[in-house]
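One structure is given below, encoded as C-alpha cells.
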Amino acid sequence: GNSVTQMEGPVTLSEEAFLTINCTYTATGYPSLFWYVQYPGEGLQLLLKATKADDKGSNKGFEATYRKETTSFHLEKGSVQVSDSAVYFCALSDSVGAQKLVFGQGTRLTINP
Amino acid sequence: SAVISQKPSRDICQRGTSLTIQCQVDSQVTMMFWYRQQPGQSLTLIATANQGSEATYESGFVIDKFPISRPNLTFSTLTVSNMSPEDSSIYLCSVIGAGNTEAFFGQGTRLTVV
C-alpha cells in the first residue's frame, strides 16, 4: 500500500539557518503530495501541495518539488524563523484531490533565536 | 476554507466506557473523514463518514468499535466504544474543501483512557 517516510526528528536549528526535511513516498499511480504544519496549540494546516511530477509547491518561504524519479517531496526553506517552530507532516493522496491522506510520522522543528 | 468545530477538545475516561466526539463544519461538505493520532505517531485514517449511509472503514478499524454517524452535510460523530488505555489518542475530523484540493482539520479531541 501507499506509505510516506519522513526524516526523523526532532530537528533544532538556529534562526536564519537553511532547512531541509526529507520526505519519500511509495505509491501506485500518480499521487498528490502535501506538507501540513501543526503550530503549538493549533490544528493541522496545509502548508503547500503539488499534484503532478515536477510541480513545485511554495508558501511562506517554504518550497517542495514533486520528484517522481526519486519519489521524494523534500521541504526546504532558505532562512528559518523562530515562528517556524512546529511539527511538519508530509502526506500523500492517491487521487488528484486531497482525499484519504496517508501521513508520514511528522518532524518536530525547533528554531532557536 | 472550512471552519471545523470539534467537541470535546479533551476528555479523560474510564476504561470500558464510550465517548462520542462531535464534528461541526460551517459549510456543507461532500467528504468527511476521521483520523487517529496515537502518542508519538502519525495520523491514521479511521474511516470516511458517508452522508446517509454507513461509514467506510479502513483496514484495522471496525464499526463496532468506532461507530460513525453523518446525518447531514455539516455534521458527524465518532464514538469510541468500550475504551481501553490503548485508545488514548488524538482524534481528528477532516473535511475536503471546495474544489477537492485541500483537506481541513479540526483541532482534535485528546482522549485519555484510565
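Exactly one residue out of A:60, A:52 is basic (Lys, Arg), open to solvent by 40 Å² or more (accessible area, probe 1.4 Å) and modelled with pLDDT under 95, and it is A:52. The sole residue among B:11, B:64 that is surrounded by fewer than 20 Cβ atoms within 10 Å (Cβ to Cβ), assigned to a strand (DSSP E or B), away from every other protein chain (no Cβ under 14 Å) and of a type in the set (Asp, Glu) is B:11. Beta carbons closer than 6 Å, at least 6 apart along the sequence or on distinct chains, pair a first residue in the range B:39-51 that is open to solvent by less than 10 Å² (accessible area, probe 1.4 Å) with a second that is at pLDDT 90 or above and of a type in the set (Lys, Arg) for B:46/B:36; B:49/B:70. Residue A:42 meets all of the listed conditions (1) out of contact with any Asp or Glu (no Cβ under 9 Å at 6 or more places or on another chain); (2) over 18 Å from residue A:4 (Cα atoms); (3) at pLDDT 95 or above but one, namely (3). Scanning the range B:82-94 for residues that are surrounded by 16 or more Cβ atoms within 10 Å (Cβ to Cβ) and out of contact with any Cys (no Cβ under 8 Å at 6 or more places or on another chain) yields B:87, B:88, B:89, B:90, B:91, B:92, B:94. Candidates are the residues of the range B:100-114 that are more than 8 Å from every other protein chain (Cβ to nearest Cβ) and open to solvent by 40 Å² or more (accessible area, probe 1.4 Å); the one that is farthest from residue A:37 (Cα to Cα) is B:114.
Yes/no matrix, rows are residues, columns are (1) within 12 Å of chain A (Cβ to nearest Cβ); (2) part of a loop (DSSP other than H, G, I, E, B); (3) under 22 Å from residue A:1 (Cβ atoms):
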site	(1), (2), (3)
B:21	no, no, no
B:28	no, yes, no
B:34	yes, no, yes
B:48	yes, no, yes
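The values are calculated or read from the model by the stated rules, or taken from the named source; none is laboratory data. The model shown is predicted, which means the values in this text are computed figures rather than measured ones. Every residue, glycine as well, gets a Cβ built from its backbone with ideal geometry; the counts of neighbours run over all protein chains shown. The area values use the complete protein model at the heavy-atom level, side chains included, leaving out ligands, DNA and RNA. Shrake-Rupley method; radii C 1.70, N 1.55, O 1.52, S 1.80 Å.
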